[in-house]
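Novice: Before anything else, here's the structure in question.
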Amino acid sequence: MSSEGASHPPADVGRGWLGKADLWAGVATVMFAASTLYISADYGLGRAGRIGAGYVPLVIGLLLLGLGALLLIRAGRSREPVDTQIAWRPLLLVIGGIVTFALLLDRAGLLVAIVATVIVAGPAAYGNTVLSLVISGIILSAFSWTLFVHFLKIAIPVWWF
């Protein structure tokens, strides 16, 4: 099930300042950073010995704000156009993967849900084979179990039994 020979969707190239990829990436990043900073403004930062709930969102929001500013500055020199063609197949496969995970997590457990999600959403990227998706799903499942269940002790159903 390799899609190496599949052609990429044609690009409908935007023109001028509004057709720059870095501009829109910068705008989206700044908007996300601003919303992160706004939402987390009421959270406490804590103190040096014990950080509060607002510390990480503040740091991430500031880092994203800086990244967005760099993208906006870079947009002035960039010549990369925006691809305005919507890639429906990858979009639907990724959404299908998210729905698959949501439906299977409680019913089949974490490990099966992750493998199924990778198999459903994996063909969105060109060049994946069924074998590479299964191996990636198994590795991602093992990592997720190790992190969330073993180390963080989060109560997530691992199997359906």
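Novice: What are the residues whose amide H is under 5 Å from the amide H of Asn128, where those residues sit 5 or more places off or on another chain and H is modelled from the backbone?
Specialist: When sequence neighbours closer than 5 places are left aside, the close amide H contacts are Ser3.
Novice: Taking the number of other C-beta atoms within 10 Å as the exposure measure, put Arg77, Arg89 in order starting with the fewest.
Specialist: Fewest to most other Cβ atoms nearby, the residues stand as Arg77, Arg89.
Novice: Right, here's the next one. Could you give the nm distance between label points at Ile139 and Ala48, where each point is 7 Å from its Cα heading toward the beta carbon?
Specialist: 4.1
Novice: Continuing with this model, one more query. If I model a spin label as a point 7 Å beyond the Cα along the Cα-Cβ vector, how far apart are those points for Leu152 and Ala125 in nm?
Specialist: Distance between label points: 2.1 nm.
Novice: With the Cα gyration tensor of the stretch 35-133 giving a ≥ b ≥ c as the square roots of its eigenvalues, does the rule (a/c under 1.5 for rounded; else a/b larger than b/c for prolate; else oblate) give rounded, prolate or oblate?
Specialist: Values: a/c = 2.92, a/b = 1.26, b/c = 2.31.
The shape class here is oblate.
Novice: Right, next: Please turn the phi angles of the stretch 127-140 into ³J(HN,Hα) values with the Karplus equation 6.51 cos²θ - 1.76 cosθ + 1.60 (θ = phi - 60°), one per residue in order, whole Hz, x for glycine and proline.
Specialist: Here the 3J(HN,Hα) series is x, 7, 10, 4, 4, 5, 5, 5, 5, 4, x, 5, 5, 5 Hz.
Novice: Sticking with this structure for a sec: So how do Leu105, Leu152 line up by other beta-carbon neighbours within 10 Å, fewest first?
Specialist: Leu152, Leu105
Novice: From the phi of every residue in the stretch 40-49, what ³J(HN,Hα) in whole Hz does the Karplus formula 6.51 cos²θ - 1.76 cosθ + 1.60 yield, where θ is phi - 60° and glycine or proline is x?
Specialist: 8, 5, 8, 7, x, 7, x, 10, 4, x
Novice: Check Val158: other-chain or 5+ apart residues with amide H under 5 Å from its amide H, H built from backbone geometry?
Specialist: Long-range HN contacts for Val158: Leu110.
Novice: Ranked by Cβ crowding within 10 angstrom, fewest neighbours first, how are Asp22, Asp42, Asp106 ordered? Walk me through the numbers before you get to the answer.
Specialist: On the way: Asp22 19, Asp42 8, Asp106 12.
Listing Asp22, Asp42, Asp106 from fewest to most nearby Cβ atoms yields Asp42, Asp106, Asp22.
Novice: Does the stretch 88-151 classify as rounded, prolate or oblate by the C-alpha gyration tensor (a ≥ b ≥ c root eigenvalues; a/c under 1.5 gives rounded; else a/b over b/c gives prolate, otherwise oblate)? Each step should come with its number before you reach the end.
Specialist: On the way: a/c = 2.48, a/b = 1.45, b/c = 1.72.
It comes out oblate by the Cα gyration axes.
Every read-out reported here was derived from the displayed coordinates using simple, explicitly stated rules and does not represent laboratory data. Keep in mind the model is a prediction, meaning the values are calculated, not measured. Here the Cβ is made from the backbone with ideal geometry for all residues, glycine too, and neighbour counts use every protein chain on show.
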